[in-house]
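Beneath this line is the structure, given in structure tokens, with notes to follow.
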Amino acid sequence: MDFALTEEQSMLKTNVRNFLEKEIAPVVDEHEKRGPLTKEAAVSFIRALIPFGYMTGFLPEKYGGSGLDHKTHGVLYEELARVWGSLAVVFVSEGFWWVLNEAGSPEQKDRLLPLAASGDYIGCLAITEPNAGSDAASVETTATLNGDEYIVNGTKTWISNGTIADAAFVLVTTDKSLGPLGMGFLLVERDSSPFTTRELHKLGMRSSPTGELSFDDCRVPKGNLLEPGAGYKRTMAFFDVSRAMVGVTCTGIAQAAIDASIKYAQDRIQFGRPIGSFQMIQEMIVDMMMETEAGRLLSFRALDILDRGERCRGQSSMAKAYATEAAVQTTSKAIQIHGAMGVSDEYPIERYFRDARTLTIPDGTTQMQKLIVGREALGIKAFV
Ligand SMILES: Cc1cc2nc3c(=O)[nH]c(=O)nc-3n(C[C@H](O)[C@H](O)[C@H](O)COP(=O)(O)OP(=O)(O)OC[C@H]3O[C@@H](n4cnc5c(N)ncnc54)[C@H](O)[C@@H]3O)c2cc1C
């Protein structure tokens, strides 16, 4: 297995790191204290990062992308999360474009995909509901055909970008009797098919807008339903990619915590010596490095499998479960190394911890990832 970055990937990593540290890092704290980004602020960050390959890089050239592979994409996300976890989550808008690119009709792609490159059209993926979290197959939001329109009723919750999105791919059921086979992704464009949203506040990722979306007899053109009956399957295929990317995101957050801890341990003097000279501090730093490296390798291995066009469900789940939990441990140790400074909101360490802790939940909880890996290993389902 060769995990070395290509020359191009190394250059991209260096360039993007320099840019993020110079242009983005200085404004992170003020935005985090203000809360969820406004649409205008999100758009300005998205526009600044598109030239590096964020948001559109993975799309075909025809639609403004450069066909970036998953590993290069992973490099971009690790660097972004190292500076600002919340902004990495705002880029879940890519999931919207991913679904459109994979499953949209030629007409839908030609009309909407060029908007991705503008950076000012924000999308979200609305799967979770108040009664359908880990059990995504029990989605209750209905889309009922009425002439040339679907009438949508239901509530989606914890939707990243939900409050600032121009459009959502909403996982709906068009035929409850078919269970998951009666589900589809319905493209709901907010201008023409209004829905209401409510901001939800979270422990971490505070600059990433998260919303509840309510659909009350929301009328959507019939042609906006993608792949009738294949919405649940498409959701699972999306998770294969997104879980590995959450793993990479957590690796970036953990790396930031390691970098800060090493510097602090070298500079902070107690008992007349740098605290980094104490073996217990060194042990914590080495544990942080080993766990983060293991999470990184698992995540990039999953992305490598995706680049080879092979199935990677178990590997993505392993990467997501391990890298997120490892980041919680690593960022918690970073707090310990920083002493009281670690719990002060004047320093970024507590943010790293809150952000890492938040990511053990989305795209399937740690428990669900383990059940998926267990199912692959044993051939026995521990959940329906
Ligand atoms: C920051 C953030 C961003 C998010 N973004 C999005 C988004 O963009 N789009 C979207 O659709 N959703 C999003 N979500 C929602 C997320 O996907 C769900 O929260 C997640 O799937 C878990 O569902 P739940 O919160 O309802 O928990 P539940 O499913 O109610 O789980 C509660 C607890 O029970 C455990 N549990 C459940 N079933 C089992 C089982 N069979 N065996 C063992 N343990 C079990 C879980 O592991 C968990 O510990 C986001 C959530 C967060 C926190």
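What follows draws every value from the coordinates through simple rules; no lab data is involved. As the structure is a computational prediction, the values presented were derived from the model and not from experiment. Virtual Cβ from ideal backbone geometry, glycine too; neighbours counted across all protein chains shown.
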*Starting at the first residue of segment 314-327, write each ³J(HN,Hα) from the Karplus equation 6.51 cos²θ - 1.76 cosθ + 1.60 with θ = phi - 60°, in whole Hz, x for Gly and Pro.*
x, 5, 5, 5, 4, 4, 5, 4, 5, 5, 5, 5, 5, 5
*Whose amide H sits under 5 Å from the amide H of E149, counting only residues 5 or more places off or on another chain, with H placed in the peptide plane?*
K222
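If you take the beta carbon distance between L378 and K233 as r and set R0 to 25 Å, what does 1/(1 + (r/R0)^6) give as a FRET efficiency, to the nearest 0.05? It would help to have the intermediate numbers written out before the result.
Values: r = 22 Å, r/R0 = 0.90.
In this case the efficiency is close to 0.65.
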*Under the Karplus relation 6.51 cos²θ - 1.76 cosθ + 1.60, θ = phi - 60°, what is the ordered set of whole-Hz ³J(HN,Hα) values for segment 218-226, x standing for Gly and Pro?*
7, 9, 10, x, 4, x, 7, 7, 8
*Taking segment 309-384, which trypsin sites (Lys or Arg not before Pro) meet the DSSP loop condition and have no more than 10 other C-beta atoms within 10 Å?*
K381
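What number, in percent, do you get for the relative contact order of the chain if the mean sequence gap of Cα pairs under 8 Å and at least 6 apart is divided by its residue count? Mind showing how you got there, number by number?
Values: 720 pairs, mean separation 58.2, N = 384.
Relative contact order of the chain: 15 percent.
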_Residue-span extension gain [M341 to A294] - 0.36 nm each, minus C-alpha spacing_ = 14.2 nm
*Can you pull the one-decimal nm distance between simple spin-label points at D307 and L178, each 7 Å off the Cα toward Cβ?*
3.7
*Taking chymotrypsin sites (Phe, Trp or Tyr not before Pro) that fall in a DSSP loop and have at most 13 other Cβ atoms within 10 Å as cut points, what is the longest piece of the chain between them?*
4-270
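Suppose we look only past 32 Å in the calculated P(r) of the chain. What percent of the Cα-Cα pairs does that tail hold?
Numbers: 23866 of 73536 pairs.
Of all Cα-Cα distances in the chain, 32 percent exceed 32 Å.
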*Each label point is 7 Å from the Cα along the Cα-to-Cβ direction; what then is the distance between the points at H201 and A48, in nm?*
2.6
*When M341, M245 are ordered from fewest to most other Cβ atoms inside 10 Å of their Cβ, what list results?*
M341, M245
*Kindly provide log₁₀ I(q)/I(0) values, in the same order as q = 0.13, 0.22 Å⁻¹, from the Debye equation applied to equal alpha-carbon scatterers of segment 123-229.*
-0.42, -1.15
*asked:* Between G204, G85, G223, where does the largest GNM mean-square fluctuation fall for the chain, given springs only between Cα atoms within less than 10 Å?
replied: G223
*Would you list, by chain and number, the lysines whose Cα falls below 21 Å from the Cα of K13, excluding same-chain residues fewer than 8 positions away?*
K22, K71
*Inter-label distance for D29 and S66, nm, one decimal - labels placed 7 Å from Cα along Cα-to-Cβ*: 3.4
*Pairwise centroid distance, computed over Cα atoms, of segment 177-227 with segment 1-53, Å*: 27
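How far, in nm, would the chain grow between I151 and V286 when pulled straight, counting 0.36 nm per residue and subtracting the alpha carbon separation? Don't skip to the end; give the middle numbers.
On the way: separation 135, 0.36 × 135 = 48.60 nm, distance 5.57 nm.
Value of the extension gain: 43.0 nm.
What is the calculated FRET efficiency for S134 to N15, with r their C-beta to C-beta distance and R₀ = 45 Å, to the nearest 0.05? Walk me through the numbers before you get to the answer.
Details: r = 39 Å, r/R0 = 0.87.
After rounding to 0.05, the efficiency reads 0.70.
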